[in-house]
1. 5 Å is the cut-off here: which amide hydrogens, built 1.01 Å from N in the peptide plane, fall below it relative to Y80, excluding neighbours closer than 5 in sequence?
2. What three numbers, in Å, describe the spread of the alpha carbons of segment 32-166 along their principal axes, ordered from the longest?
3. Please list the non-local residues whose amide H lies under 5 Å from the amide H of S54, H modeled 1.01 Å from N, same-chain partners needing a gap of 5 or more.
4. Can you give the % of DSSP beta bridges in segment 40-153 that are antiparallel, to the nearest 5?
5. Can you list the lysines whose alpha carbon sits under 22 Å from that of K151, skipping same-chain ones fewer than 8 residues off?
6. Taking 0.36 nm per residue of sequence separation and subtracting the Cα-Cα distance, how much length would be gained by fully extending the chain between K144 and R46, in nm to one decimal?
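Every number here is computed from the coordinates shown, using simple stated rules; none is lab data. Not measured: the values here are computed from a predicted model.
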Amino acid sequence: MLKIARIGTFCIAAAMALLTIPTAIAKKVPDPPAAPIPTQVPTGKRVFISNSESTADLIFGVPTLTYNMLYEHMKSWGQYELVAAPADADLIFTISFVISLNQQLRLVVLDPTTHVVLWTLAEQVQPWTRQATGRKNFDQTMSKLVDDIRKLTTPPAGTTDAPAPR
C-alpha cells in the first residue's frame, strides 16, 4: 500500500512538472509602443485642485488632509500656477484617498472644458497597524504620486516639443 502511495505521489509531481514546461519556454509577448499623452497634460500651466472622496480625513483625524497635502506638494514644486476656480484652469486635478480592496491615492486629470478624463494616476498606500506608521505611509505615497505627475508632464531628456523639420 505504501508503494502505491509513493508511485501516486511521484506521478502527480511529474504531471505538475510537465504542465509548467510550456509556461517556462513561452516567449514574452512584447509590450505595445507607448501611446501619446493627451496634449493638454504636458502643456497645461494652470491647475485647479479638486477634493474628491477621502477617507484619510476620518482615519487620520485631519480635515481635508489629502487635498491639503497635494496642494502643498504642487505649490512647493512650482511647475503649475494653482488657481482658485476650475474655469481659470488648463487642467483639473481631482485627488482622492479610497479604500476598496486596498488603500489607494488616486489622481484624475480632467479637461476643464469638456470634463473628459485625460489621465489617471494611482499609488497604493502600504497597510499599517499603528496610526503613526499609517500617516508615514500616506505621506510617502503622496510624494510618489507627485513624482508620477512629474514624470508624466516632463518630456524625457533629449526630446523637444518642436515639430520635426520638413
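1. So Y80 has HN proximity to no qualifying residue.
2. Each principal axis gives a Cα extent; for segment 32-166 these are 61, 35, 27 Å.
3. Here the answer is F97, since their amide H atoms fall under 5 Å of that of S54.
4. On the way: 16 of 24 bridges.
DSSP beta bridges in segment 40-153 are roughly 65 percent antiparallel.
5. Cross-link targets: K45, K75.
6. Result: 33.1 nm gained on full extension.
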